[in-house]
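Have a look at the structure below before the remarks.
Nothing in this text is a laboratory measurement; each read-out follows from the coordinates by a stated rule. Small disclaimer: the values here were computed from a predicted structure and weren't measured. A quick note on method: Cβ atoms are made from the backbone with ideal geometry, for glycine too, and the neighbour counts reach across all protein chains shown.
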Ligand code: SAM
Ligand code: DTB
Ligand code: SF4
């Protein structure tokens, strides 16, 4: 059955949101089971490789240099530090390592270091993901050549609401970066944030926009706003958890073969709400005590919860050959 559509209408997507919750969740679970093992959850670990002092004005973000959020800014990390964190993420069970930088776009000066981070993290057998802001075509091509598996660049909300949240770049800029990433052959990770004071129509338009891209993003992170004191959205009332579950379910139905990630905001959710998200088709999480600048569930607690639910983490691939060669014992074992 070809369920991968790119012609969703507003009315169809709005109609899904309006279904009785359990009907919606059941439909989403049925779609999910046609494309995925429903017992498996993919885990990515985040690391902020360059923190704070971002020139952009995203009203939700702890890292914008325009707001007083009390965040300690940090320069681009050394590769050794990134590798230590990536190894720890692998130990904890992550299959993907996602490196984020508080940049409008990467500078040419920083590109060689960033490319080397991709090569070295990949050699650990982890999938690599980066989120560095806007890319031009040449930067995307070079990241692809270094072996980058995924690039995260969120559309965040509807085109209409975007102008209320960000004025330092345009929705069209985001779409153009996604084009460059796709054209370079890097898998797209694109999603958004809900709970920024938007209307349901904006959530409809965001998910429709993602599903009607030329290809569905391979990963679709759905973030629940983590309110950051000092930002313009620091005091916004939290979105209803069941509305969040609806967003997950609609994302699953619109993009049946994509990984839908229950992303930021999970720390403040009960075990039951998280279970409902998995039921609605979420099959990916961020694993690790920290997201970029804010907290996340402890990996032990996550493993316990997944065990209670009968869910298992997807495994990382074995390390690449040259990594095994760097460890003579491992090479000897695998050769025997
Ligand atoms: N500077 C790059 C960019 O904007 O694409 C990469 C880093 S940026 C922090 C990555 C994404 O994190 C944002 O697009 C947004 O979706 C998400 N994010 C940032 N702050 C958040 C918050 N307080 N709550 C939820 N999601 C957030
Ligand atoms: C995504 O969609 N969510 C992640 C990742 N992509 C880069 C970031 C969440 C950030 C939450 C707030 C913080 O830790 O600063
Ligand atoms: Fe900068 Fe990204 Fe935060 Fe916007 S979301 S302020 S671009 S780090």
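Values as computed for the structure displayed
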item: Size of segment 147-217 as Cα extents on the principal axes (Å, biggest first); result: 38, 24, 17
item: Ranked packing of 5-13, 241-249, most packed first, by mean Cβ within 10 Å; result: 241-249, 5-13
item: Nitroxide proxy distance, nm - points 7 Å out along Cα→Cβ at residue 183 and residue 91; result: 4.3
item: Cα-based Rg of segment 51-134 normalised by 2.2 N^0.38 Å, two decimals; result: 1.16
item: Gain upon complete extension [residue 4, residue 212; 0.36 nm per residue less C-alpha separation]; result: 73.9 nm
item: Sequence of 122, 109, 87 once ranked by neighbouring C-beta atoms within 10 Å, starting from the fewest; result: 109, 87, 122
item: Potential lengthening between residue 109 and residue 137 on full extension [0.36 nm per residue; Cα-Cα distance subtracted]; result: 8.4 nm
item: For the chain: Kirkwood Rh in Å [reciprocal of mean 1/r, alpha carbons]; result: 20.3
item: Relative contact order of the chain, pairs being alpha-carbon contacts under 8 Å that are 6 or more residues apart, as %; result: 25
item: Packing-based exposure ordering (other Cβ within 10 Å, fewest first) of 37, 72; result: 72, 37
item: Residue order, fewest to most beta carbons within 10 Å, for 97, 286; result: 286, 97
item: Residue-span extension gain [residue 34 to residue 66] - 0.36 nm each, minus C-alpha spacing; result: 7.0 nm
item: For segment 1-160: span of alpha carbons on each principal axis (Å, largest first); result: 49, 37, 33
